[in-house]
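*Asks:* Sharing a structure here in C-alpha cells format.
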Amino acid sequence: MEEGPKRKKLKHEGIYLENLPNYERYTKSYPNRGEVSVLAVQPGSGAEFVVTGTVEGYVKIWRKAKGHGELDFVKQYLAHSDGEAVVDCRFSDDGRTFVTISSDCTAKVFDADGLDMMSIIDLGFKPRAVYWVRNQEVDRIIVSEEASGKVHVYDPTEGQLVKVLEGLHKTSVGNLEYNMLHNCMVSADDTGMIEYWQPVEPFQKPSEGVFGLKSETDLYMFRKKKQSLDQLTFSPDGKRFAVAIDEKAYLFSFAKGKLIREYEDTEQEEENIVRASQVKGSVVFDSTGRFLFHTTRSYIRQITIATGEVSRRFGGSDSVAFRALGLYQGNPNRKKVLTVEMATSENAMIAESQTHDPLLLTVSANRLYVFSRFDGTFESIQSHRDIPDTQTKTRQSTNSKSNNNSEDKWKSTTSITIHTTLGDIKVSLFPTSAPLAVQNFVTLCQKSYYDNTPFHRVIKRFMIQGGDPEGNGTGGESIWGKPFKDEFDPQLRHDKPYRLSMANAGKNTNGSQFFITTEKTPWLDDKHTIFGSVTSGFDVVQLIENLPTTKNDRPIDPPTIISTTLH
C-alpha cells in the first residue's frame, strides 16, 4: 500500500514550537468594560504588559501573571470621553510608552513603567490609525485621519505637530507600520494603495535598500482589486511583511515589494463561515519570524512560513469569532538570545532559562482571550476559564455604602487632619469651588478608606501622591462607584505649593487618589481639581517629598496614612 505525501517540516521545528502555545482551545478569558476595540502587546524580550481599549473609551492594562497561562489586571482608565471609542493603541518601538487614539479627537500618551498617563495631544480631527516610531534617531507619533488621506506627524516630547502629509494618500489610511531596518514607514489606505516613506524630512521612499520603480513590484495588486487591507505587520527582522484580507494572508518581500506567497484557508467549516462572516482578518509573526498566525472565520491558524503549511489551529471548537491578534513570548529569566545549539544542549542552566509561558492573545465582544501551553483536559478548565467581572460587583457594593449620614457629614467638615507615620498634615477644604471632590474626600475619610494606605508616588520639587488602597497607583474609586467630573475654579490655581488636588487619568476620571504639590505647578491648572490646601504639617510634606525613591518614583520605604480626623 502506497503512503501519502509526508508533511514538510521546518528544521528544528519542534524546538521553535516549544516557545509557542499548543492547546487548541482558549484557557482563559478576561472581561472588559464594553466591547474591546483594540489590543496591543508590549514589544521586546522583557515585555510584560498587554493593553486593551473599548468602544466606551476605557483603557485596561494587564500584566503577565506568575500563574501559568494567566494575566493580572493592573489598571483601568476612562482615558477618553465616555462613549467615544478607542480606535487604535500602539506601544512605542522600545516598549517604554504607549499611545491611544480615540474618536474624541485626542491622543493619550502613557508611561509603561509607571503606568501613568503622561500627556494629551489634541488632534483636532477624528483619527484612524497610529504608530509610535522611537529609536536613537527618531521619536515620532504618526496619526492618520478618518475622513481623509492626511497623515500627521507629532513630536511626543511636546505634543507638537511636525508635519502634515497631504499628498501621500487620497483616501483614509487604516494601516501604519514601521521597518526599523530601513527607517521606513509602510502605509495602506482604503483603496489598497501601499506606500513606503521615511518618518523624517523629506518624508519620501528610502533611496537605498528598496526597489526603484513601484511598477516593478506587486504593491499595486490590492489597488487593482480595490481591496482594503485588514492588517499589515512586519516580521521581526524587517525583511518581510504580511497582509491580512478576510480569509487570506499574503507574505511580501519588503525590499523588492514582491509577493512571496499567498495563504488561503481551504478547510473552512460551513457553519463557522456563517457564524463569523463579518470578522476581519488579523496577522502576527512569532518572535523568530518563522511562524505566522492568522485569524479566519473558523479559527486561528498557525502557518509555518518555510513550508506554507498549517502547523496548528486554535479556537475551532470554541464557537467564538476571534479578531485582533497579539503574541506574548517574553521571558524574564532569559538574558540572552537562545540559539538552536543552546536549546538542544544538555546544559542544566540553559534548560532552566528556557522556562517560558507563551500566550496567543485575541479578543471578541467584551473579552480578552488567552491560548497557552497546556497538556491537560478541557474538562479540567472548562468551569473556571472565563474570569467573571468582579470589578463591577465591587463598584456596586462600594456605591451601596453611601448613606444619608455621610452625605450630611461632609457639609459640616471644613478641614481634615491626615495622620501619617511621619507626622500630621492638616488640610483645609474648598467645598464652594469643588463640592464633589470635597464630598468624596470627606466621605472616604469618614469610612476609614485611606487608613493604612501609602504615599505611593513621590517626585521631589513636584508633589506627593496617595489615596490608593492597592498601594501602587492602580486602584481606588469614588464614593459613587465610578469616576466623577472635574471642577475648575478660575480663581483657584496651582499658583502656590501645598495645594490638595485630585489625581486622574484624563478628563473627568477622578476616583480616590489625591496629591499635594510642593512647588508652583501652573501646568496642572484646568487639568486637576483643587479641593483643598495644607494649613499645617508643611515639614511632614517636605519629609515625604525628600524620601529616596525607585526609578518609578515609589518611596523605598513608603510612609502610610494611619488614620484621618474630620474637623
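The values are calculated or read from the model by the stated rules, or taken from the named source; none is laboratory data. Fair warning: this is a prediction, and the values are worked out from it, not measured in the lab. Don't worry about glycine lacking a Cβ; one is built from the backbone with ideal geometry, like all the others, and counts go over all protein chains shown.
*Asks:* Of 406, 397, 353, 364, which residue is at pLDDT below 95, surrounded by 10 or more Cβ atoms within 10 Å (Cβ to Cβ) and touching a helix residue (DSSP H, G or I) at 6+ places or on another chain (Cβ under 6 Å)?
*Replies:* Checking each option against the conditions leaves just 406.
*Asks:* Restricting the stretch 145-175 to residues that are within 25 Å of residue 220 (Cβ to Cβ) and β-branched (Val, Ile, Thr), which is surrounded by the most Cβ atoms within 10 Å (Cβ to Cβ)?
*Replies:* Ranking the candidates gives 151 first.
*Asks:* Another one. Does residue 563 fit the bill of being buried (at least 17 other Cβ atoms within 10 Å of the Cβ) and not in a loop (DSSP other than H, G, I, E, B)? I'd like the intermediate steps shown before the answer.
*Replies:* Working: buried (at least 17 other Cβ atoms within 10 Å of the Cβ): no; not in a loop (DSSP other than H, G, I, E, B): yes.
Against the criterion (buried (at least 17 other Cβ atoms within 10 Å of the Cβ) and not in a loop (DSSP other than H, G, I, E, B)), residue 563 does not qualify.
*Asks:* If residue 330 satisfies every condition in (1) touching a Phe, Trp or Tyr at 6+ places or on another chain (Cβ under 8 Å); (2) at pLDDT below 95 but one, which is the exception?
*Replies:* Looking at each condition in turn, residue 330 falls short on (1).
*Asks:* Which of the residues that make up the stretch 522-550 are hydrophobic (A, V, I, L, M, F, W, C) and part of a loop (DSSP other than H, G, I, E, B)?
*Replies:* Filtering the stretch 522-550 down to residues hydrophobic (A, V, I, L, M, F, W, C) leaves 523-524, 530-531, 534, 538, 540-541, 543-544, 547.
The answer is 547, and nothing else.
*Asks:* Still on this model: Which one is surrounded by the most Cβ atoms within 10 Å (Cβ to Cβ) among residues in the stretch 105-142 that are within 30 Å of residue 181 (Cβ to Cβ) and polar (S, T, N, Q)? Full working, then the answer.
*Replies:* Taking the stretch 105-142 first, the residues within 30 Å of residue 181 (Cβ to Cβ) are 107-113, 118-119, 121, 123, 127-142.
Now restrict to residues that are polar (S, T, N, Q): 119, 135-136.
Details: 119: 14, 135: 12, 136: 6.
For the stretch 105-142, the residue satisfying everything is 119.
*Asks:* Any idea which of (1) in contact with a helix residue (DSSP H, G or I) (Cβ under 9 Å, 6 or more places away or on another chain); (2) buried (at least 18 other Cβ atoms within 10 Å of the Cβ); (3) more than 18 Å from residue 305 (Cβ to Cβ); (4) aromatic (Phe, Trp, Tyr) is the one residue 220 doesn't satisfy?
*Replies:* Failed condition: (2).
*Asks:* Also: Counting only residues that are under 13 Å from residue 463 (Cα atoms) and basic (Lys, Arg), which one in the stretch 512-567 is nearest to the chain's Cα centre (by Cα)?
*Replies:* It comes out as 554.
*Asks:* Quick one: would you say residue 508 is farther than 24 Å from residue 560 by Cα and within 24 Å of the chain's Cα centre (by Cα)? Show your work before the answer.
*Replies:* On the way: farther than 24 Å from residue 560 by Cα: yes; within 24 Å of the chain's Cα centre (by Cα): yes.
Taking the combined requirement at face value, the residue satisfies it.
*Asks:* Could you pull out every one of the strands (runs of 3 or more DSSP E) wholly within the stretch 412-465 that has 2 or more residues that are in contact with a helix residue (DSSP H, G or I) (Cβ under 7 Å, 6 or more places away or on another chain) and surrounded by fewer than 24 Cβ atoms within 10 Å (Cβ to Cβ)?
*Replies:* On the way: elements: 415-420, 423-429, 457-459.
Qualifying strands (runs of 3 or more DSSP E): 415-420, 423-429.
*Asks:* Among the residues of the stretch 187-209, is there at least one that is under 24 Å from residue 306 (Cβ atoms), modelled with pLDDT of 95 or more and assigned by TED's automatic domain parsing to the domain that holds residue 283?
*Replies:* The answer is no; no qualifying residue exists.
Residue-by-condition table, conditions (1) within 30 Å of residue 458 (Cβ to Cβ); (2) at pLDDT 95 or above; (3) in contact with a strand residue (DSSP E or B) (Cβ under 9 Å, 6 or more places away or on another chain):
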| residue | (1), (2), (3) |
| --- | --- |
| 68 | no, no, no |
| 76 | yes, no, yes |
| 104 | no, no, no |
| 112 | yes, no, yes |
| 149 | no, yes, yes |
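*Asks:* Would you pick out the residues in the stretch 205-264 that are touching a residue at least 60 places away in the same chain (Cβ under 8 Å) and touching a Cys at 6+ places or on another chain (Cβ under 9 Å)?
*Replies:* If the condition is that a residue be touching a residue at least 60 places away in the same chain (Cβ under 8 Å) and touching a Cys at 6+ places or on another chain (Cβ under 9 Å), then 254 is the only one that fits.
*Asks:* Among the listed residues 538, 514, 488, identify the single one that is touching a helix residue (DSSP H, G or I) at 6+ places or on another chain (Cβ under 8 Å), among the aromatic types (Phe, Trp, Tyr) and either touching a residue at least 24 places away in the same chain (Cβ under 8 Å) or surrounded by 14 or more Cβ atoms within 10 Å (Cβ to Cβ) (or both).
*Replies:* Answer to the check: 514.
*Asks:* Considering only residues that are of a type in the set (D, E, K, R) and part of a strand (DSSP E or B), look in the stretch 283-326 and name the one that is nearest to residue 38 (Cα to Cα).
*Replies:* Just the residues of the stretch 283-326 that are of a type in the set (D, E, K, R), to begin with: 286, 290, 297, 301, 309, 312-313, 318, 323.
Okay, now just the ones that are also part of a strand (DSSP E or B), so 301, 309, 312-313, 323.
Working: 301: 20, 309: 29, 312: 25, 313: 23, 323: 10 Å.
Among those that are of a type in the set (D, E, K, R) and part of a strand (DSSP E or B), it is 323.
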